[in-house]
Every structure is written in structure tokens, then in C-alpha cells.
1. So which of Val57, Val31 is out of contact with any Cys (no Cβ under 8 Å at 6 or more places or on another chain), surrounded by 14 or more Cβ atoms within 10 Å (Cβ to Cβ), of a type in the set (A, V, I, L, M) and outside any helix (DSSP H, G or I)?
2. List pairs: first in the range 92-119 and within 14 Å of Ala134 (Cα to Cα) and free of Cβ contacts under 8 Å to residues at least 40 places away in the same chain, second among the hydroxyl-bearing types (Ser, Thr, Tyr) and open to solvent by less than 10 Å² (accessible area, probe 1.4 Å), Cβ under 6 Å, 6+ apart or cross-chain?
3. Search the range 90-135 for residues being among the polar types (S, T, N, Q) and either surrounded by 16 or more Cβ atoms within 10 Å (Cβ to Cβ) or touching a Ser or Thr at 6+ places or on another chain (Cβ under 7 Å) (or both), and hand back the single one that is farthest from Asp34 (Cα to Cα).
4. State the number of residues belonging to the range 110-151 that are assigned to a helix (DSSP H, G or I), among the hydrophobic types (A, V, I, L, M, F, W, C) and at pLDDT below 90.
5. Which of (1) surrounded by 20 or more Cβ atoms within 10 Å (Cβ to Cβ); (2) in contact with a Gly (Cβ under 7 Å, 6 or more places away or on another chain) does Thr75 not meet, given it meets every other one?
6. Any residue at all in the range 60-79 that is within 11 Å of the chain's Cα centre (by Cα) and aliphatic (A, V, I, L, M)?
Amino acid sequence: MSNDEHWMQHALKLAEYAEQNGEVPVGAVIVQNDKLIAEGWNQPISSHDATAHAEIVALRKAGDTLSNYRLPDTTLYVTLEPCVMCIGALIHARVSRVVYAATEPKTGAVESAFKLCESDRHNHRIEIVGGVLAQQSSELLKRFFKRRRDDKKQLKIDNNKA
């Protein structure tokens, strides 16, 4: 198992934790010199905070751990391609490298819907690696959203019976 796969496995466990807590299953870890600095999982629903994506939660914790909002020489591992908000924060934090699992066709800001990291207007460049354990992450997300759709259908059926 590669180092990237090792840390992505950790992020996938956090995604599963998010799912168990009713959140979209996305997990993130920040590593520096092969040492875990911070971790996070999606929390927008439970925290009533649109910015509580796994990446942002991990960035906040890493800043506290390192006593600095700049995070040079770090790698963020995340189970889903980051969105526009998260890529902006990662650039601002000067994260050196982002490794993600599954692509996000609707809102992914690395390669899918947008290609923000490719812009030469930014004052920081992030090395990007995509597709690490993509199948596992994708399956977790698909199961979560299928279950949500099924729950909504059942609720509709129950409401029609009442």
C-alpha cells in the first residue's frame, strides 16, 4: 500500500463516521512529514454551517495545531474532489499537495466542473493527485445518496397514507 493509499484509508474512515452521523460521507486528513496534523469530516448539517466541509474542518484544526493559518509542506487527503470554497481555502493556506479520491461532476473545482488549480492568477500552486481509492469513495457516496432517496420515497408514501 502506498503512502497516499494509507492516508486515504484514514480519510475514508472519517467519511464513514460522517455518514453514521447523517452527513454526506466525506473525510479529510492533513499530513506533514508523514505525521497526522489534523482530520475532519463533513459537518454542515449537524453544525448548521455551510462552510463545515471536511477540508475546512481539517484546515481549522491544522491551523490550531501548527499555530499558523499557513500550512506549507502539508498534504491534504480528501475522499471527494474539493469544491470552489475548499480549493480557495487550500490555496490561501498554502497547502502543498492535495490528494483526492472520487471526482465530483457537479461542483468539483479541480478537474470536473472547474479547474481552479490550473489558473495562473493564483499566487500559490498546489500539486494535485486524483483517483486514489476512488472506487471505495464513490461506492460510499452512492450508497449514502441511494439511502437518502429511498428514505424520502418512504416518507412520501407514509405521508400519503396518513
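The values are calculated or read from the model by the stated rules, or taken from the named source; none is laboratory data. Just so it is clear, the model here is predicted, and its values are computed rather than measured. Cβ sites come from the backbone with ideal geometry, for glycine too, and all protein chains shown count toward neighbours. Quick note on the areas: whole protein, heavy atoms, side chains included, nothing else; ligands and nucleic acids left out. Shrake-Rupley method; radii C 1.70, N 1.55, O 1.52, S 1.80 Å.
1. Numbers: Val57 fails: outside any helix (DSSP H, G or I).
It is Val31.
2. That search, which allows pairs on different chains as well, returns Ala102/Ser137.
3. Taking the range 90-135 as the starting set, the residues that turn out to be among the polar types (S, T, N, Q) are 96, 103, 107, 112, 119, 123, 135.
Adding the requirement that they be either surrounded by 16 or more Cβ atoms within 10 Å (Cβ to Cβ) or touching a Ser or Thr at 6+ places or on another chain (Cβ under 7 Å) (or both) leaves 96, 103, 112.
Numbers: Ser96: 13, Thr103: 25, Ser112: 28 Å.
Looking at residues that are among the polar types (S, T, N, Q) and either surrounded by 16 or more Cβ atoms within 10 Å (Cβ to Cβ) or touching a Ser or Thr at 6+ places or on another chain (Cβ under 7 Å) (or both), I get Ser112.
4. Here the count works out to 2.
5. (2)
6. Residues of the range 60-79 that are within 11 Å of the chain's Cα centre (by Cα), as a first pass: 76-79.
In the following step, the residues that additionally are aliphatic (A, V, I, L, M) were identified as 76, 78.
Checking the range 60-79: at least one residue is within 11 Å of the chain's Cα centre (by Cα) and aliphatic (A, V, I, L, M).
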